[in-house]
There are 2 protein chains.
Amino acid sequence: MSDHATTVRRFWESTEARDWPALTALLSPDLVYETEQTRERVRGPGLLRLFQEFPGDWHVHLRRVVAGGDAASSIVDATLDGEPMVALTFFAFDATGLVTRIEEWWPEPYEPPPGRAHLTERF
Amino acid sequence: MSDHATTVRRFWESTEARDWPALTALLSPDLVYETEQTRERVRGPGLLRLFQEFPGDWHVHLRRVVAGGDAASSIVDATLDGEPMVALTFFAFDATGLVTRIEEWWPEPYEPPPGRAHLTERF
C-alpha cells in the first residue's frame, strides 16, 4: 500500500474516531476542500470545524482507496442518522505527503433513465 | 503515467470518438459495469450498446485520473445536449490490464445544507 493510501485510510479512520489531532496531522495548513455539487469551499482548519459541527449521528467507513502519483481517491460508505450515503473523494498531496486538496461528491440515488432496461439488470 | 492511467485515458478518448473497436480492445469480456445510484448492472459488450444507444448529443472529457495497484479512478466532465455533468468512475483491471469492473456515479448539484455558511466560501 502506498503512503498516500495509508494517509487516506488514516483520514477516514481518524474522522470516524473524531480524533481531531490525528486528522490534523495529515493535513496541510494550506488545505482546500471543495464540494462541487454545492460549490462550497473550505480552507485549512475550517474542514475540522465542518466535521465537528456537522449535525446528526454520522459515520464514515472506507470501502476502497486508489492511490498513485501525487493523488488518491476513495469510496466511503457513510450513514447520517442511519441513512446510507456514499462519498467519492479525490485527494492531492504535497511533497511531504500532507493532504493539500480534497474534492468530494455525495451522489444520490435516482431512477434509471427510460429506454435501456433491455441492456441492464437491477441489483 | 502507469499503464492503467493510459487505459483510462484511452477509455474516455475512444468513447468520445465513438471508436468502438478501440474501446472494445480495452475491455475484458467479463466486464461488469455498475451504476449504484440506479442499481443498474451491465455485462460485457452491453456497455458498448449502452453508449451507442444513449440518446442526445453527449460528450465526455477526462479531467483527472488516479491510478495505482490494480485500480484507477477518473473525474470526467460530460455534457448532454450542452448541459454539464460530472462522472466519477472507479476501474478495476485483470492481470493483462483489461478493464474488468467499472463503478460509476453521476452526482447532481444540490443546495448547501443550512448552518455552515460561516465555514464556507461559494465558488
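Descriptive notes on the structure:
- Residues of the range B:93-120 classified as more than 7 Å from every other protein chain (Cβ to nearest Cβ), among the aromatic types (Phe, Trp, Tyr) and in a loop (DSSP other than H, G, I, E, B), total: 0
- Condition met for residue B:83 (of a type in the set (D, E, K, R) and facing chain A (nearest Cβ under 10 Å)): no
- Residue tally, condition outside any loop (DSSP other than H, G, I, E, B), more than 25 Å from residue B:110 (Cβ to Cβ) and touching a residue at least 24 places away in the same chain (Cβ under 8 Å), over the range A:24-46: 4
- Only one of the numbered conditions (1) more than 10 Å from chain B (Cβ to nearest Cβ); (2) more than 15 Å from residue A:99 (Cβ to Cβ) is not met by residue A:55, and that is (1).
- Close Cβ contacts (under 6 Å, 6 or more residues apart or on different chains) running from residues in the range B:79-105 that are of a type in the set (S, T, N, Q) to residues that are not in a strand (DSSP E or B) comprise B:100/B:94.
- Checking A:7, A:38 one by one, the residue that is over 29 Å from residue B:70 (Cα atoms) and out of contact with any Gly (no Cβ under 6 Å at 6 or more places or on another chain) is A:38 and no other.
- Inside the range A:63-75, residues that are surrounded by 19 or more Cβ atoms within 10 Å (Cβ to Cβ) and over 9 Å from the mean Cα position of the chain (by Cα) make up a count of 6.
Read-outs: derived from the displayed coordinates by stated rules, not from any lab. Predicted, not measured: the structure shown is a model, and the values here were computed from it. All Cβ positions, even for glycine, are placed from backbone atoms using ideal geometry, and neighbour counts span all protein chains on display.
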